[in-house]
Amino acid sequence: MVMALGWLLLASGARGAGPEVVVLPTTGIVDSTMAKYLADSIAQAESRRVAAVVIKLDTPGGDLLSTNAIVGTILEAKVPVIVWVAPAGGFAASAGTFITLSANIALMAPGTSIGAASPISGDGTDIPGTLGEKVRNDAIAKITSIANARHRNVEWAISTVRDAKSSPADEAVAVGAVDGIATTLADVIAFADGKTVQVAGQPVTLALAGAAITEQGINPFLGIFRLLADPTIALLLFTTGSAGLLVELYSPNFVTGILGALMVLLGLIGLGTLPLNVGGLLLIVFGLVLFGLEVTVTSHGLLGFGGIVSFALGASALFTGPADPFEPLVRVALPTIVVISATAGLFLALIVFGVIRSRRIGLGALGGGGNIAVGAVGEVRSPIHPLGSILAAGEEWSARSASGSPLERGTHVRVVKVEGLTLTVEPDASESKGT
């Protein structure tokens, strides 16, 4: 009796729960991350048997493969899919037109637009020759099949590809491209309620009155990968992390090493999702190596300058052109390259200024009787193999080993000969005896 009462309460609770509508905020470039987000979210909605899915769309377009994947997901969905172009001022341009037309119900907020679906190359120019014709004809065939499947205005759909036609919300409704205008999500639910649509080949009447609204954003991990896939962010992570590793090599402290390694790995993950030009990456690495050598090898700025030039060239050529004509052109923002190069240049100027000032002080000291003399003691700063540097008399000096044997960093030494700014040293015997 108790079990029967429990089942009765559960059943009445399930009936009282009412329908559920899942809202999927979908913004930005149409890419593989967006395609996976929509595919996974719609699959979850199907498993939960929700009443409908609302894709809140605002996109300038994107690549062809991801567009095809999203359209396929919507057309084959086992749950009614509503595409709502919003908010006001948003648009469903290029690839967004294909996505909107594929919905069971397509709505637009006031002040939005749809269309301009002509295929162009990644840098925004027309695709010339036979390739352009092939791509255009394929896009026309695809958008025609979508419009026919959803009983929308085929001629208007074709014009968005053939003539780059674009329409504001009220015009799109008037020509039969979309089904209506909805200012708010409540308007979307009210418009769709009671409508009969084809879902997986079967007619389904939407019963959305009093539906519970659940917003399901992009998975945090997908969001991170999408962020890392930004070319500018990927470059910043890689270069900043590399700088941290250089600092770790020059002055070990573990913190910069760990953080630097983490940032380099995240940068490589981002670069791996983009059309990477290996030659550009090698130029950046070479530039970083040259800049790192400038800190330890006195070149009066030549190595550092070469590193800055290599970095700027590598960053400019870091990515190849898109293999798919619909894909947006991937490139690092020019201001980012300029800022990083200028910052490195400023740092290089400080290094060169410090070296010159140190040498002038050293020369002045030597000319006046010198504050470094034979017998002075110091500590190896840069390993001597056979040349390196020592810290003595409060200054860093170039040094060589008297015996030719290598001397490691931290070794206490004694000056046995002074030749200009280069000191000849040997291990400090008194220090050895003391230890």
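Please report, in whole Å, how far the alpha carbons of region 377-434 spread along each principal axis, starting with the longest.
Principal axes ranked by extent give 30, 23, 18 Å for the Cα atoms.
Which pairs, out of Lys56/Lys134; Lys36/Lys56; Lys142/Lys195; Lys78/Lys142, put more than 24 Å between their alpha-carbon atoms? Don't jump to the answer; show the numbers that get you there.
On the way: Lys56/Lys134 32 Å; Lys36/Lys56 16 Å; Lys142/Lys195 26 Å; Lys78/Lys142 21 Å.
Table pairs above 24 Å Cα-Cα are Lys56/Lys134; Lys142/Lys195.
Neighbouring Cβ atoms within 10 Å as the yardstick, rank Ser310, Ser316 fewest first. Walk me through the numbers on the way to the answer.
On the way: Ser310 20, Ser316 14.
Fewest-to-most ranking of Ser310, Ser316: Ser316, Ser310.
If neighbour count is taken as other Cβ atoms inside 10 Å, put His151, His412, His300 in order from fewest to most.
Details: His151 9, His412 19, His300 12.
Final ranking by Cβ density, sparse to dense: His151, His300, His412.
What share of Cα pairs, in percent, lie more than 25 angstrom apart in region 229-356? Mind dumping the intermediate values first?
On the way: 2044 of 8128 pairs.
More than 25 Å apart: 25 percent of the Cα pairs in region 229-356.
Got a sec? How would Tyr250, Tyr37 order by Cβ neighbour count within 10 Å, fewest to most? Write out the running numbers ahead of the final one.
On the way: Tyr250 12, Tyr37 22.
With the fewest neighbours first, Tyr250, Tyr37 line up as Tyr250, Tyr37.
Could you size up the charge dipole of region 181-339 around its Cα centre, putting +1 on the beta carbon of Lys and Arg and -1 on that of Asp and Glu, and report it in debye to the nearest 20? Mind dumping the intermediate values first?
Details: 3 positive and 8 negative charges, 26 e Å.
Around 120 debye, computed over region 181-339.
Mind putting a number on the dipole of region 165-244 about its Cα centre? Charges go on the C-beta only, +1 for Lys and Arg and -1 for Asp and Glu, and I need it in Debye to the nearest 20. Display every interim value, and only then the final one.
Details: 3 positive and 7 negative charges, 54 e Å.
Using Cβ point charges on Lys, Arg, Asp and Glu, region 165-244 gives about 260 debye.
Magnitude of the Cβ-charge dipole of region 15-219, K/R +1 and D/E -1, about the Cα centre, nearest 20 debye?
So the magnitude is around 500 debye.
Coordinate-derived values only; no laboratory data. No experiment lies behind these values; they were computed from the predicted model shown. Note that we place each Cβ from the backbone using ideal geometry, even for glycine, and neighbour counts take in every protein chain shown.
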